[in-house]
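The values are calculated or read from the model by the stated rules, or taken from the named source; none is laboratory data. Because the structure is predicted, anything quoted here is derived from the model rather than measured. Here the Cβ is made from the backbone with ideal geometry for all residues, glycine too, and neighbour counts use every protein chain on show. Accessible surface is based on the protein model in full, side chains and every heavy atom, while ligands, DNA and RNA are left aside. Shrake-Rupley method; radii C 1.70, N 1.55, O 1.52, S 1.80 Å.
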Amino acid sequence: MNDRVPGAGPEPAGISPEQLPTASGPLAGQPVRAESAAPEAGETIAPAPRSNQLIREMLRSSVTTTVLAIVASMVVGGILIAATNENVQAAAGYFFARPGDMLGAIWDAVSGGYYALFQGSIVNPDATSFVRFMRPITNTLGFAAPLIAAGLGVALAFRAGLFNIGARGQMLVACAAAALITFDLDLPMWIHLPLTLAAGIAGGAAWGWIAGLLKARTGAHEVIVTIMLNFVALYLVRWMIRTPELLQKPGTNQPISAATPESAQFPPLFGAQFPLLNWGFPVVIVAAVFVWWLIEHSSLGFRLRAVGENPNAAQAAGISVQRMYVYAMLFAGGLAGLAGMNQIMGSVTSGFGDGIDAGIGFDAITVALLGRSRAWGTVWAGLLFGALKAGSFTMQAAQGIPVDIVLVVESMIVLFIAAPPLVRTIFGLPKDDSDRSAKGRAKAARRRAALQESKAVAS
């Protein structure tokens, strides 16, 4: 008797019915279980390969998030460059008639802008001499030195649980202290230079110590204290450079200090052909090594980190929280003072005014955030911002791009760094429970519970 269904076609030759695969699915009267459903009793699920877990950890690492935040910021900057370009605006008027013109104008504007940024901050491929070819990278290092120093001060305070936004005031007081103590001295360079450097660092450390002491003794919030000390330092230095008996340059009535003595200036690191790069940069790198050792490998650094993680637990363990606050602000102020010394001993040697900080004190907060409050992360962040600053002048001169575009890129970097879930969402990176919604976390919890139940049944 033939049991085959009419119209089903000829039976495969040479294959018995027992060798054919078993039919399954809704057409065979068997429901199909979704992949996300709970496993059946007795069914075991193989764990994910180790390589998958490694890739997931790499995609979720802070380094990946930081790099992608920079990429996203560059994309936003490219959009702004295109939107403010006159050729793009002109081509947009007849976009539907000739769309290729607008797309070409966008490409020329964005690629030209970022090429000018590279040309002004890394190397200049169009240079006719080796000096001009290498000068951009030396400019970047020169701009980065004070940013790194001040950023290290902010990062060190962050690790101790303090938000130091008083780097501006600490830089101002450092410059005033160095000028008041050492500018009138007639000493050889091997004495005058380190003495000026030490006086400036001590001045910044003393100003930071005031904030730490107020925090430790009275519980005053360091944000309010450092903001107020910024204004105190600003008006104090402004008064000093207007007073002939103090800091005002002799023979003038302008609010400016005397020039930095030649014996107290950082010599150029690679000669006069690279004027922005001086011996202040190696000093800053030494300071970065010191901060790295202090935080990561010293007992004082362990106590600072313990206070930053949980001051109550640190207090219970016998650590003096108040003393750690004072130490943290003392070191932070000294590092900001080093940034000020890079200004008056290297960049601005003809005399300084009340704007000698040049916004570095507030940019240091951005550098420390981008560097994840780590010493070497802060160094790399300072180099990035130094490159943006050095390249912005070439962008403006060669392409007519406003310097404010670079400031927008810096701001967007901070925005994306402060919101890692946003970066992971934009680039489709793996998420964890902190990135999911409440509904997603509940669903993931049910899946984990079902997996544990299946393992228990299997065992």
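When only the Cβ of Lys, Arg, Asp and Glu is charged (+1, +1, -1, -1), the dipole of the chain relative to its Cα centre reaches about 1000 debye. Once the Cα-Cα distance is subtracted from the 0.36 nm per residue extended length, the Trp190 to Glu309 segment shows a gain of 38.6 nm.
Counting only protein chains, not ligands or nucleic acids, how are Trp239, Trp209, Trp190 ordered by accessible area (probe 1.4 Å), most first?
Values: Trp239 140, Trp209 105, Trp190 190 Å².
The ordering from most to least exposed comes out as Trp190, Trp239, Trp209.
Other residues within the sphere of radius under 12 Å centred on the Cβ of Gly77, judged by their own Cβ, net out at -2 (K and R +1, D and E -1). For the pair Arg56 and Phe427, label points projected 7 Å from Cα toward Cβ lie 1.9 nm apart.
Can you put Asp101, Asp404 in order of accessible area, largest first, using a 1.4 Å probe? Display every interim value, and only then the final one.
On the way: Asp101 50, Asp404 100 Å².
Largest accessible area first, the list is Asp404, Asp101.
The distance between label points at Leu415 and Arg447 comes to 3.1 nm (points 7 Å beyond Cα on the Cα→Cβ vector).
Close Lys pairs in the chain, defined as Cα atoms under 25 Å apart and 8 or more places apart or on different chains, number 5. The relative contact order of the stretch 214-274, computed from alpha carbon pairs under 8 Å that lie at least 6 residues apart in sequence, is 15 percent.
Computed from label points 7 Å out along Cα-Cβ, the spacing between Ser320 and Phe290 is 2.2 nm.
Heavy-atom accessible area with a 1.4 Å probe sorts Met171, Met102, largest first, into Met102, Met171. Each principal axis of the Cα atoms in the chain has its own extent, and those three values, largest first, are 123, 71, 37 angstrom. Taking every protein chain into account, the accessible area of the chain amounts to 53 square angstrom per residue (probe 1.4 Å). Projecting the Cα atoms of Ile256, Ala202, Ala358 onto the dipole axis of the chain, where Lys and Arg carry +1 and Asp and Glu carry -1 at the beta carbon, places Ala202 farthest toward the positive end.
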